[in-house]
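A.B. asks: Could you have a look at this structure, given as structure tokens, before my questions?
The values are calculated or read from the model by the stated rules, or taken from the named source; none is laboratory data. Predicted model only: the values in this text are computed from it and were never measured. Cβ placement follows ideal geometry from the backbone for every residue including glycine, while neighbour counts extend to all protein chains displayed. Areas reflect the complete protein model, heavy atoms only, side chains present, ligands, DNA and RNA absent. Shrake-Rupley method; radii C 1.70, N 1.55, O 1.52, S 1.80 Å.
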Amino acid sequence: MVTLYSSPSTNCSGLFSSYSNSSSIGFYNYHNNLPISSRNFASHKISLQIDAVRMQDGAVVAPPSKTQDETPLKKLKDGILSKEQKHIFDFDSNKDKSTVSITVVGASGDLAKKKIFPALFALYYEGCLPEHFTIFGYARSKMTDDELRNMVSKTLTCRIDKRENCGEKMEQFLQRCFYHSGQYDSQENFAELDKKLKEHEAGRFSNRLFYLSIPPNIFINAVRCASLSASSAHGWTRVIVEKPFGRDSESSAALTGALKQYLKEDQIFRIDHYLGKELVENLSVLRFSNLIFEPLWSRQYIRNVQFIFSEDFGTEGRGGYFDHYGIIRDIMQNHLLQILALFAMETPVSLDAEDIRNEKVKVLRSMRPLQLDDVIVGQYKSHTKGGVNYPGYTDDKTVPKDSLTPTFAAAALFIDNARWDGVPFLMKAGKALHTRSAEIRVQFRHVPGNLYNKNFGSDLDQATNELVIRVQPDEAIYLKINNKVPGLGMRLDRSNLNLLYSARYSKEIPDAYERLLLDAIEGERRLFIRSDELDAAWSLFTPVLKELEHKKIVPESYPYGSRGPIGAHYLAARYKVRWGDLA
């Protein structure tokens, strides 16, 4: 029986307890310099039994005897906390429940409309949000609360198991949504937002989450204003930051340094939505919870690993943004490299976020910086198929005609440690290809002295076992094995042991943003990127990116809708590898 991570169900019961190993989340109040442990502080009654207190001089002092009016919380407050810290507990007894205020900064943008608000509604529908919560949209556009609700309502769907009362739930959700117009660099506008947030928090213990759905060049201004003018006075304040996290090591370090002027590291949640994908999260379960896989997960049995990402459409109006970054920065340095780190890491001490991220950092630091000889870049050109003309990359009006920005890249990476020494990890990512897919392919070594080699002829790759983890679309895990075709003769066939998620699980798989937003609210950091992890990732790609730009390497052209440039096949062949998606 193979164990799999089976959470297509979005039932949140038990979810909070599943993160009980995670450390408490501390919000650092920069104004009063007070470290405050605040996770779930006010949403649960606190029961503490203090038998004795050891003082700094070594003396042990027994607490006063408990009276009817002296609760453990009161003893904690009066006997241990300083006067400066006592104010965080001074709430009316009838307002002892916490509230979460979620502010979507850049609420009028496509990401907010298509992903963030629908994900928040799905969490609300499934009962995963706290009892008391408020959602605020913040952007420069002038808009009323009703106009925001009307805009958001157009993107909400009742897709979740087609349950009843979805329309009623939708209306309830929209009534929790409000809007405030303001500039991203205005402390005054954020102070006005703070006033509105306090009105809705109604004196409850307040926690605040800011989702920065804005271009990176205005991150810092928004963070500065939110931190100084709209932070929670008592609970936690967290900020979700969308990629790109810079263009290279230097700009990434500058961005991190600027963020840390106003936030502590544990307040920054760098989101990579691919880490929230169901099959990516299942990677560690598949490997560490199934005895048949973990012993094989090394250079001894694995010949190569492939991470393949393809889109069947071009930039389609986003060329101006894309041309500034290119496919390597947009997909390979973050999405694919993060999946590689999860795939290749050693067994963590526990499922605690820091233990997992520590192992990922070790993998990234063990990798060789990418060399230009191990990279192939391409750019799609116009192509006519079935009477339809598909435009080339430079036909996009937002793209310079002489642009050398790659829309396709393939690369060979290596991990110099005992487990993976000599195993090529191949990446391939591109736009305007023949299909839309994202998958991990693990090709195992040939069977030594295989008795059935003659049945496969000279092409031994036909006999190679392969584990495929299809991240999207049609999520699946399948293992390619060799099998005898029924009959009197000895004819072999390559068959799939297939777990197709849509056939195995009746519930719909949650969107990645749902999982990541819920984790941010809960303070669970497993699927978010730490600053040293980001530094290690950029150090692998920065040298080759600079070399590509300095030498003005011309990308190889490939037709729109094809499998990409031929150079990718030569790169794989150099390491005696055949791309698995060609079969």
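A.B. asks: Over all directions, the average projected area of the alpha-carbon convex hull for region 247-291 comes to how many nm²?
C.D. replies: Result: a mean projected hull area of 4.8 nm².
A.B. asks: In whole Å, what is the distance between the alpha-carbon centres of region 360-406 and region 101-160?
C.D. replies: 33 Å
A.B. asks: Another question, if that's okay. Counting Lys and Arg as +1 and Asp and Glu as -1, each charge on the Cβ, what is the dipole of region 216-369 about the Cα centre in debye, to the nearest 20?
C.D. replies: Computed charge dipole of region 216-369: roughly 380 debye.
A.B. asks: List the equivalent ellipsoid semi-axes of region 499-576 in whole Å, largest first, each obtained as the square root of 5λ for an eigenvalue λ of the Cα gyration tensor.
C.D. replies: 35, 25, 13
A.B. asks: Among the listed pairs 243/397; 264/362; 277/552; 260/551; 385/484, which are separated by more than 31 Å between their Cα atoms?
C.D. replies: 277/552; 260/551; 385/484, as the Cα separations exceed 31 Å there.
A.B. asks: Whenever you get a sec, compute what percent of the accessible area on region 97-242 sits on carbon and sulfur atoms (1.4 Å probe).
C.D. replies: 46 percent
A.B. asks: How do the peptides 303-310, 285-292 rank, highest first, by the average count of neighbouring beta carbon atoms within 10 Å per residue?
C.D. replies: 303-310, 285-292
A.B. asks: Under the Karplus relation 6.51 cos²θ - 1.76 cosθ + 1.60, θ = phi - 60°, what is the ordered set of whole-Hz ³J(HN,Hα) values for region 434-439, x standing for Gly and Pro?
C.D. replies: Taking θ as phi minus 60°, the curve returns 6, 8, 10, 6, 8, 8 Hz for region 434-439.
A.B. asks: Distances longer than 21 Å among the Cα atoms of region 97-242: what percent of all pairs is that?
C.D. replies: Roughly 40 percent, rounded to a whole number.
A.B. asks: Taking only protein heavy atoms and a 1.4 Å probe, what accessible area per residue, in Å², does region 97-242 have with all protein chains in place?
C.D. replies: Ligands and nucleic acids excluded, the result is 39 Å² per residue.
A.B. asks: Can you tell me the accessible area per residue over region 480-577, all protein chains present, probe 1.4 angstrom, in square angstrom?
C.D. replies: Ligands and nucleic acids excluded, the result is 49 Å² per residue.
A.B. asks: Where does each of 356-365, 216-225 land if you order them by average Cβ count within 10 Å, highest first?
C.D. replies: 356-365, 216-225
A.B. asks: Just the number please: accessible area per residue for region 292-445, 1.4 Å probe, all protein chains included, in Å².
C.D. replies: For region 292-445, the per-residue accessible area is 38 Å².
A.B. asks: Counting only residues 5 or more places away or on other chains, whose amide H sits under 5 Å from the amide H of residue 236 once H atoms are built in the peptide plane?
C.D. replies: So residue 236 has HN proximity to 208.
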